[in-house]
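One structure is given below, encoded as structure tokens.
Just so it is clear, none of the values below were taken in a lab; they were calculated from the coordinates. Given the structure is predicted, the values throughout are model-derived calculations rather than measurements. Don't worry about glycine lacking a Cβ; one is built from the backbone with ideal geometry, like all the others, and counts go over all protein chains shown.
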Amino acid sequence: MPKRQKRVLVTGGCGFIPSNFIRHILAHTPYDVVSLDALTYAGNIENLRDVMGHERLSFVHGDIRDPDCVRDVVAEVDVIVNAAAESHVEKSIQEGASEFVKTNVEGTQILLDACRGTPIDRFILISSSEVYGTAERAPMDEEHPINPRSPYAATKAGGDRLAYAYYVTYDLPIVIVRPFNNYGPFQHPEKVLPKFIIQALRDEPLTVHGDGHASRDWLYVEDDAEAIESVMQADIDTVAGEVFNVATGIDISVQEIANHVLDALDKPPSLKVHVDERPGQVHRHIGSTEKAEQMLGWRARTSFEEGLEQTINWYAENRSWWESILTASESAFSSSAPAQPS
């Protein structure tokens, strides 16, 4: 009797990073994939439309905060890649952290508890470099202090450390991945790089927080997918309990990003405008790549110039995708906004 093919559960599968990861492993591995998504505002079924009919992909409409749903799905898989998250920094600041705690901490706990009852090969938690806060030393390695500076980042740190605690306490095969700032196709228009691209395509002002000095380590999403696959393929006895940065080792300021986008689209510098600094701003993010190179044999292959060109081309060629998201967001805002005096 032929051996059953390995099955990989990707939570939040219709989000930006997980949808790109699903597309990557369908193309580069023989594994079956289960995409679990609650389809909140960031979980867009259109992100998987081109592969939804793939014979090795199945979709479950469900929430990682639902213990019964999670238990049923986990019982049928071998590997879990937990990428489900509330990830909008400004929303966590302006609207409060409740939803972020429920998904990023409680949802992670529910998944981890399900793994205690059903043995799995490994549980890969997609954490975030935001858990580090502003760099105290550069580049930031995996031993850098955890000092989150926004409610979102704090909840990611909570899920991150909870997963590690389950490795120590229950000997679960946990691996934690901390990607730095991803960009690329299918990223929600709320994020800074697609936001700048869309603003430039529409000849609207590119809004830069403060003086734009805040810098980030920008990682093309396909490189991130390759890194997660390398964690999935690594010897579990070697990587269990480990934390891996996924970074390029190069940081570029938000001001420079805006300039790059304007230059690439031949738009005037006058489109760039400065607004108030965001509360809890992280001033510098740059990741050490040494551990991932040594233990996983992985390093980012895509230069920022190449990745930006591919990303701009994608947004220019897929206007209907992001226009529908913006229209839905504007409708939701107008329906919830209080009436203003005339």
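Would you compute the Debye intensity of the range 120-247 from its alpha-carbon atoms alone, equal scatterers and no solvent, and pass along log10 I(q)/I(0) at q = 0.13, 0.15 Å⁻¹ to two decimals?
Once normalised to I(0) and log-transformed, intensities are -0.62, -0.80.
Determine, for each peptide in 23-29, 225-231, 186-192, the mean count of other beta carbons within 10 angstrom over its residues, then list the peptides with the highest first.
By packing density, highest mean first, the sequence is 225-231, 186-192, 23-29.
Using Cα springs under 10 Å in a Gaussian network model of the chain, which residue among Glu204, Glu317, Glu309 shows the largest mean-square fluctuation?
Glu317
List the residues, sorted by chain then number, that are 5 or more residues from Leu219 or on another chain and whose placed amide H is less than 5 Å from its amide H.
Close amide H contacts, sequence-distant or interchain: Asn181, Asn182, Tyr183.
Among all the aspartates and glutamates, which ones have a C-alpha under 13 Å from Lys102's C-alpha, if same-chain residues fewer than 8 places away are not counted?
Asp63, Asp66, Glu86
Amide H of His274: which non-local residues (sequence gap of 5 or more, or other chain) have their own amide H closer than 5 Å, using H built in the peptide plane?
HN-HN under 5 Å from His274: Val208.
Put one equal scatterer on each alpha carbon of the range 225-306, apply the Debye formula with no solvent term, and list log10 I(q)/I(0) at q = 0.14, 0.20 1/Å to two decimals.
Per q value, in the given order, log10 I(q)/I(0) is -0.68, -0.96.
What pairs from Lys195/Lys272; Lys156/Lys195; Lys6/Lys291 go past 19 Å between their alpha carbons?
Lys156/Lys195; Lys6/Lys291
Using only Cα atoms, what Kirkwood radius does the chain have, in angstroms?
20.6 Å
Amide H to amide H, which residues 5 or more places from Phe244 or on other chains are under 5 Å from it, using H placed in the peptide plane?
Those lying under 5 Å, H to H, from Phe244 are Ile176, Val177, Arg178.
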